[in-house]
1. Taking θ = phi - 60°, what integer Hz values does the Karplus form 6.51 cos²θ - 1.76 cosθ + 1.60 yield along region 127-135, in sequence order, with x for Gly and Pro?
2. Tell me the relative contact order for the chain as a rounded percent, counting alpha carbon contacts under 8 Å between residues six or more apart.
3. Spelling out what I want: for every residue of region 138-154, take phi, set θ = phi - 60°, compute 6.51 cos²θ - 1.76 cosθ + 1.60 (Karplus), and round to whole Hz; glycine and proline get x.
4. Which distance in Å, rounded to a whole number, links the C-alpha centroids of region 13-52 and region 131-166?
5. Could you tell me which label, among [x] -0.38, -0.47, -0.79; [y] -0.34, -0.42, -0.70; [z] -0.45, -0.51, -0.75, carries the value of log10 I(q)/I(0) by the Debye sum over Cα atoms at q = 0.10, 0.11, 0.14 Å⁻¹ calculated for this structure?
6. From Cα coordinates alone, what are the radius of gyration and Dmax values for region 47-112 in angstrom?
7. Say the dipole of the chain comes from +1 at the beta carbon of Lys and Arg and -1 at that of Asp and Glu; which of Tyr95, Tyr25, Tyr137 then lies farthest toward its positive end?
8. Identify which of Leu14, Leu56, Leu152 has the largest mean-square fluctuation in a Gaussian network model of the chain, with springs joining Cα atoms closer than 10 Å.
Amino acid sequence: MEKEKQKIEFSVRLARPEDATQIHYVHVDSVRQLCAGDYTKEQIEAWVGHLNPEKLRQYMINGAEDEVLYIAENKNNLIIGFSSFDKNGDINAIYVHPEYIRKRVGKQLLNAVEMEAIAYNYRKLQISASITAIPFYKANNYKFLKYSSHTLRSGVVIPCALMEKTLATDLTDVTDKFL
């Protein structure tokens, strides 16, 4: 018998520089815990071992013009996930803290970036998804295009999957997402 999904209260909003430390820990914990079955320890450490919350904060303060970052926070103002859309039409990231997976957090963060993409008049979104995230994107109507790879800053190559979704283009389709 499948466990009933526990409902949690959370909201999604645009990220602010003061969120950087919590975003950092969600990112690192998510990759280290959720991706451990699909990636080696070397790949995971190359992926998140160099991340620094202060660098993220400075990036958010000084730039990020081409990126829109959302966070999901629970009723206690704890950040439980984040998503990122770049204005070139790609999803850069959706990460959910391991304690909050399968509770609609990822779906709402995905909806936020999809709505942002629609606001920028994109008809399709692509993501180079982690192998771990393929089922999540498929469940949200993304089409698998091909296996690919991503070279991290350290030079370590990790396997990914290129996925794509045609976005809703009229108000009825957009409204239906939130019902």
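1. 9, 8, 7, 5, 4, 4, 8, 3, x
2. Once divided by the residue count of the chain, the mean separation gives 20 percent.
3. 4, 5, 10, 6, 8, 9, 6, 9, 5, 6, 9, 9, 10, 8, 6, 3, 6
4. The distance from the Cα centre of region 13-52 to that of region 131-166 comes to 17 Å.
5. Structure-derived value, by its label: [x].
6. Spelled out, the Cα radius of gyration and Dmax of region 47-112 are 12.6, 34 Å.
7. Sorting the options by dipole projection puts first Tyr137.
8. Residue with maximal mean-square fluctuation among Leu14, Leu56, Leu152: Leu152.
FYI, it's all coordinate maths here, none of it is from the lab. Keep in mind it's a predicted model, so treat the numbers as computed, not measured. Quick reminder, even Gly has a Cβ in these numbers, built from the backbone with ideal geometry, and neighbours come from all protein chains shown.
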